[in-house]
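The values are calculated or read from the model by the stated rules, or taken from the named source; none is laboratory data. Please read these numbers as outputs of a predicted model, since none were measured by experiment. Every residue, glycine as well, gets a Cβ built from its backbone with ideal geometry; the counts of neighbours run over all protein chains shown. Note: accessible area is taken over every heavy atom of the protein model, side chains too, but ligands, DNA and RNA are not part of it. Shrake-Rupley method; radii C 1.70, N 1.55, O 1.52, S 1.80 Å.
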Amino acid sequence: MKTIFYIAVLLLAGGLIAGCNNKRALDANGVPNTLIVAVFEGDNPGEVTKVLDMMKPYLEKRLGIPVEFQKSTDYTTVIEAMATGKAHMAYLSPFSYILATQKQKLVPMVAPGLKGRPFTYKSMIFTNPRTGLHSMDDVKKRAKDLTLCFADPASTSGHLIPRAYLTSIGLDPKTAFKQTMFAGTHYASVLSVKSGKVDVGCGFALAYDKMMREGLIKEGDLVVLWESEPIVEGPICMRPEVNAAFTEKVRQAYLDLFRDAPEINKAYFSMYFPKQADSMSYLPTSDSLFDGLRKIAGSIGDLTPTKK
């Protein structure tokens, strides 16, 4: 009997130790042992890593626990990390947030803002001048002979918004074009069109501007055929089972970033918004802010991301 008792104690102790060593586990109060944050690297993995390396000690000091950023090359992986509990928190685009919340409830904490208002950006559709396309009417007339690429499947400006627009003018991307594909990133979409591998591309207008600044494209390389209405920026979210007071502590750390760590704040926003970075900060956000995009997504059928 004593032997069985000792074995049980050892197994229990082993389980407790394993639980303590599990970085993803939550303690009895719902606070993570290590805060695991899923992030899409996008088109700038080197820049993103540099900023996250600055952000890590700031968050660890504010939260009093280790922080680990898990970087991904696509939004689908970030969504899955949140759905399966491999991450507690994620940086999401508006569309990836909508897709993620189809699987589970998430707590949107903050989103980028400009001068105290939610930050917005635009989607665009573009072509290579050699195609001879000058307008979306030209695209409609020649669609059956054209190839089309979106960016990431869970991208708002690189998939959802241009796809909704194309559908609204009678061009179902599944059937209207010679071939439709995913380039993977906004940069890849732009470069695929610039090189002539694809006739028509979709992407983030600010990525186009950034590529111009970096010399990856120049004036005249592309023809912009369409720009969207402003799109509200995506949120940073927490899984709902994480302690609410801890979640609020994380939210406050981001809200205080502009005041307490302006160099980190500016480094992050300067990646895409160098002219506006000094006036940008994180603001509180809410689920209802994305209801308009939900309606757009719901109006055009199945938008579940697929592998490119």
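Each peptide among 170-177, 96-103, 85-92, 278-285 gets the average number of other Cβ atoms lying within 10 Å of its residues, and from highest to lowest they stand as 85-92, 96-103, 278-285, 170-177. If you roll a 1.4 Å probe over the chain with all protein chains in place, what percent of the accessible area is carbon or sulfur? Result for the chain: 56 percent of the exposed heavy-atom area is carbon or sulfur.
Both radii are taken from the alpha-carbon atoms of the chain; with Rh as the Kirkwood radius, Rg/Rh is 1.05. What region 188-287 shows is 44 Å² of accessible area per residue, with the surface traced by a 1.4 Å probe over protein heavy atoms. Per-residue ellipticity at 222 nm, computed for the chain from helices alone with -39500 (n - 2.57) per DSSP H run of at least four residues, works out to -12000 deg cm²/dmol.
For GLN179 and ALA83 in one chain, what is 0.36 nm times their gap in residues minus the Cα-Cα distance, to one decimal in nm?
Computed gain between GLN179 and ALA83 is 31.4 nm.
Can you give the angle from 0 to 90° between the axis of helix 205-214 and the longest principal axis of the chain, with both taken from C-alpha atoms, to the nearest 10? Value to nearest ten degrees: 90. Other residues whose C-beta falls under 13 angstrom from the C-beta of VAL193 contribute a net charge of +1, scoring Lys and Arg +1 and Asp and Glu -1. Straight-line reach from LYS144: taking Cα to Cα under 21 Å and skipping same-chain neighbours fewer than 8 places apart, the lysines in range are LYS174, LYS178, LYS194, LYS197, LYS308. Remark on ILE217: its backbone amide H falls under 5 Å from those of MET212, a criterion applied only to residues 5 or more positions apart or on other chains, H modelled at 1.01 Å from N. Using the 1.4 Å probe convention, the accessible area of region 43-156 works out to 42 Å² per residue with neighbouring protein chains retained.
Provide the net charge surrounding VAL223, with neighbours chosen by a C-beta distance below 12 Å and charges set as Lys +1, Arg +1, Asp -1, Glu -1.
-2
Listed by chain and number, the aspartates and glutamates whose alpha-carbon sits under 12 Å from that of LYS249, ignoring those within fewer than 8 places in the same chain, are GLU60. Across region 60-66, coupling constants 3J(HN,Hα) worked out from phi with the 6.51/-1.76/1.60 Karplus curve, θ = phi - 60°, read 4, 5, 6, 9, x, 9, x Hz, and Gly and Pro carry x.
Amide H contacts of PHE40: SER72, TYR91, each under 5 Å away and 5 or more positions distant or on a separate chain (H built 1.01 Å from N in the peptide plane; Pro and chain starts excluded).
Amide hydrogen proximity for GLY203: with H placed 1.01 Å from N in the peptide plane, the residues at 5 or more positions away or on another chain lying under 5 Å are MET124.
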